[in-house]
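Report on one structure; see the data block that follows.
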Amino acid sequence: MSQWTVCSILVLVLLTATLDIPRRLTYVTDLLPTVRLLLEPDEQYRLHLGSVPYDLLRAAEANVPRDATVLLVTPGRDTGTLEYITYHRALYFLAPRPVWWAVPTPPDGTWKSRWWISTPITPEAIRTLAAAKGASYLLVFDVAQSLPLGERVLEAPGGYLLRLNDVVPAAVTSPTSGSNYAGPLWLPGLLLGVVVPFALGGLVLKLARRLGYRATGLEAVSLAWALGAGLLTLLMLYLNAVGLNLGWQMAAGVAVAVLAALPVGRTALRQWRPGTRMAGIVGQIRSQTPPRKQPARTHLSLAAQYLLAVLMVVQFVLVSLSAMGRPLDVWDSWVNWGVKSRAIFLEGHISPAVYADASRAVTHLDYPLLVPLLQSWTYGWVGAADDRLAGVASVLFYGALVGICYAAVRTRGGSHLLSLAVGAIVATISQLEGLASIVFAEMPLAVFACITGVYLLKWLEGGPRGALLISAFGAGLLCWTKRDGVLFLLALLPVVALLGWRHRRAWQGVGALTMGVLLVAGPWYVFAAANSLQAPDFQSVTPGTLAANLGRWSTIMELEWNSLTSQSWSYIWPLAALSGLLFWLAGGKHAPVWAALIPLTVALHIVLSGTVFFFSAFVPFEQHILGSIDRLLAPVSPLLVLYLGFQAAAWHDVVRRRSVPRPILEQEQLILSNN
């Protein structure tokens, strides 16, 4: 095993990732007709939704009172596609109103049929169903026969809206908002909304600094956004619990940010130069040595660094174009997260429509609220539930992930070139950049998993308590983002305990991360359990369910293997496995902590990710695996890239120590011990 072997593997991964860029360019090019309509939002939405009745849904939104219940009636000709999407778009546009769906098609046992109500489209049957659901309005889409029920409120292309006066008396309608799209002054508001999380993250970093860990430069900026965004959503949650609406939450966020910015600003003025104090002193030491002529390979290294930087900038632009400037597109982004964030913004607080509306069970009522709260925070600052701006947070999390990975390699002695290469790999892997582009919760999930793992490693290797604080808070935010965060910790914590069962730091790490989860995410899970918020996509987790579904094992293994060996992951899984095997054969007995912790955690996480599908409630369950397996693997994939980067950094450190004069190394070691 040599430095060249590891570097060759990194180059191969990066090359595989960059070869996919032409496909991404084509994808973004296909989006340009939609993006060009940015200043014509209604036209943009019509183009984006295609045959889905946008005008009908918008008209219903403007004419149905916010406390009314709506029954959507469709003909049952295309329940699997157009009518299915129309129902979910009705849930989205009409939020926070409950919306039920009636079709004459009988259930077929599939996942999609769980969300419709089978009934004849006759006046008597529809009237009975509306009364049973408490629906005072009927939204009729693409039904040939006219329903002689109630009063016809409006007609639009594709259908009409009926008010059932015999269910509730006629009332003055109330639009949900003055405008559905951000106004001309949206940019200053958005900038202020972004600054607040950065300032709150500075509070966390200041506390970590008091406990001995000092983050600077790109690492500090990346951590400030990620930790600050999580802290902001917790602040919003608890202010909501005491009865303060979104407006008061915004004011409180600004107030806390201003108080946080005062000491942080003074510190920044005193330490205006980038880099750590140690790096500055080391630079002074080296400046005392006679300058040497730069070899040709140094110029090649600089050229490679510039190329990698340009590659990351191009990738960042592509992700930004996809995530912003167009309406939310991929299913989970607007069904699971968008419906909730829209309801929170329109009602000004976390109402039962977010977690207790039975008609919205498809949105996973038990999911934590970090992403919806962040999106509603953005909407509050731009003045409208304009989901074309919902991707701002996703793009910032994407940048934070790249920055944290770069800093993790750099602080382990990796060169600028190596650190940039690792950052570029993380930025260009199709699965990771794709999650940021489509505004999924898995992007912040990957960031918090990376923070948890990287800073726990720093603690286990003798780092200060501040690093453990960052890791513990990251673990809490991991589970506050999505239930999948629990899966990652179920892989990480047993490995830490197994490898360090004789060491106090390992048990302190396990205890700190567990406490972080209980304090940060625990209240939500207690609330979900107390209100019986069920996960609709899983059966009960019992030995009986497992025994009944054991026959799925071969399909689960096959589909998971197909994912692990897919080019969309740039082959990081098999290449990292090969690199790890060679690394251990070269010196496994004397390997550092990360050399065992990362691969064992990843391996256990892979096993657990496959195991959950034994309890899938999807019919067919293969559909669940195909739609979810890549997202379940995403949180550990940055750690796998870091595993390769740490190997290369270890070899780089060996080579460097052979070339740097011994007195300088001794002075650097003294500085390290003092800092």
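Numbers for the structure displayed
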quantity: Considering residues of region 268-288 that are of a type outside the set (Lys, Arg), surrounded by 12 or more Cβ atoms within 10 Å (Cβ to Cβ) and in a helix (DSSP H, G or I) only, the residue modelled with the highest pLDDT; calculated: Ala268
quantity: Enumeration of residues in region 312-332 that are closer than 20 Å to Leu190 by Cα and either at pLDDT 95 or above or assigned to a loop (DSSP other than H, G, I, E, B) (or both); calculated: Met324, Gly325, Arg326, Pro327, Leu328
quantity: Test: residue in region 251-259 that is crowded, with 21+ Cβ neighbours inside 10 Å, modelled with pLDDT under 95, in a helix (DSSP H, G or I) and not acidic (Asp, Glu); calculated: yes
quantity: Matching option when the condition is at pLDDT below 95 and buried (at least 22 other Cβ atoms within 10 Å of the Cβ), among Gly202, Gly183; calculated: Gly202
quantity: Subset of region 37-74 (residues that are closer than 16 Å to Asp329 by Cα, open to solvent by 80 Å² or more (accessible area, probe 1.4 Å) and part of a loop (DSSP other than H, G, I, E, B)); calculated: Ser51
quantity: In region 577-602, residue modelled with the lowest pLDDT [restricted to those that are open to solvent by 50 Å² or more (accessible area, probe 1.4 Å) and under 22 Å from Leu12 (Cα atoms)]; calculated: Ala586
quantity: Set Ala343, Ala309: member being assigned to a helix (DSSP H, G or I) and surrounded by fewer than 23 Cβ atoms within 10 Å (Cβ to Cβ); calculated: Ala309
quantity: Qualifying residue in region 423-442 (condition: of a type in the set (Ser, Thr, Tyr), modelled with pLDDT of 95 or more, over 14 Å from Leu642 (Cβ atoms) and open to solvent by less than 20 Å² (accessible area, probe 1.4 Å)); calculated: no
quantity: Candidate set from region 402-421 (those that are open to solvent by 10 Å² or more (accessible area, probe 1.4 Å) and polar (S, T, N, Q)); member that is modelled with the highest pLDDT; calculated: Thr411
quantity: Residue match in region 81-96 (condition: open to solvent by 20 Å² or more (accessible area, probe 1.4 Å) and over 30 Å from Ile429 (Cα atoms)); calculated: yes
quantity: Inter-residue pairs, beta-carbon under 8 Å, first farther than 30 Å from Tyr181 by Cα and in region 390-417, second acidic (Asp, Glu) and open to solvent by 30 Å² or more (accessible area, probe 1.4 Å), 6+ apart; calculated: Arg412/Asp653; Gly413/Asp653
quantity: Residues being open to solvent by 30 Å² or more (accessible area, probe 1.4 Å) and part of a helix (DSSP H, G or I) - total across region 106-147; calculated: 10
quantity: Given (1) more than 27 Å from the chain's Cα centre (by Cα); (2) in a helix (DSSP H, G or I); (3) among the β-branched types (Val, Ile, Thr), number of the condition Ile85 does not satisfy; calculated: (1)
quantity: Residue list for region 603-627, restricted to those being out of contact with any Asp or Glu (no Cβ under 6 Å at 6 or more places or on another chain) and open to solvent by less than 20 Å² (accessible area, probe 1.4 Å); calculated: His605, Ser609, Phe613, Ser616, His624, Ile625
quantity: Check on Ala648, touching a Cys at 6+ places or on another chain (Cβ under 9 Å) and assigned to a helix (DSSP H, G or I); calculated: yes
quantity: So Trp381, is it touching a residue at least 24 places away in the same chain (Cβ under 8 Å), in a helix (DSSP H, G or I) and within 18 Å of the chain's Cα centre (by Cα); calculated: no
quantity: Test result for Pro574, within 26 Å of Cys7 (Cα to Cα), out of contact with any strand residue (DSSP E or B) (no Cβ under 9 Å at 6 or more places or on another chain), open to solvent by 50 Å² or more (accessible area, probe 1.4 Å) and not hydroxyl-bearing (Ser, Thr, Tyr); calculated: yes
quantity: Residue that is most open to solvent (accessible area, probe 1.4 Å), among those in region 24-36 that are without any contact (Cβ under 8 Å) to a residue 40 or more places away in the chain and not β-branched (Val, Ile, Thr); calculated: Arg36
quantity: Count - residues of region 181-198 that are more than 20 Å from Leu328 (Cα to Cα), of a type in the set (A, V, I, L, M) and part of a helix (DSSP H, G or I); calculated: 4
quantity: First in region 115-129 and over 25 Å from Arg89 (Cβ atoms), second anywhere and surrounded by fewer than 15 Cβ atoms within 10 Å (Cβ to Cβ), Cβ under 7 Å, 6 or more apart; calculated: Pro123/Pro148
quantity: The lone exception for Val371 - which of (1) out of contact with any Phe, Trp or Tyr (no Cβ under 8 Å at 6 or more places or on another chain); (2) at pLDDT 95 or above; (3) within 23 Å of Ser430 (Cα to Cα) it fails; calculated: (1)
quantity: Matching residues in region 1-36 - criterion: being outside any helix (DSSP H, G or I) and under 24 Å from the mean Cα position of the chain (by Cα); calculated: Asp20
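Conditions (1) within 16 Å of Phe440 (Cα to Cα); (2) open to solvent by less than 10 Å² (accessible area, probe 1.4 Å), marked per residue:
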| site | (1), (2) |
| --- | --- |
| Ile350 | no, no |
| Leu369 | yes, yes |
| Trp381 | no, no |
| Ala384 | no, yes |
| Ala400 | yes, yes |
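The values are calculated or read from the model by the stated rules, or taken from the named source; none is laboratory data. Just so we're clear, the structure is a prediction, and the values are computed from it rather than from any experiment. Here the Cβ is made from the backbone with ideal geometry for all residues, glycine too, and neighbour counts use every protein chain on show. Please note that ligands, DNA and RNA were not included when accessible areas were found on the heavy atoms of the full protein model with its side chains. Shrake-Rupley method; radii C 1.70, N 1.55, O 1.52, S 1.80 Å.
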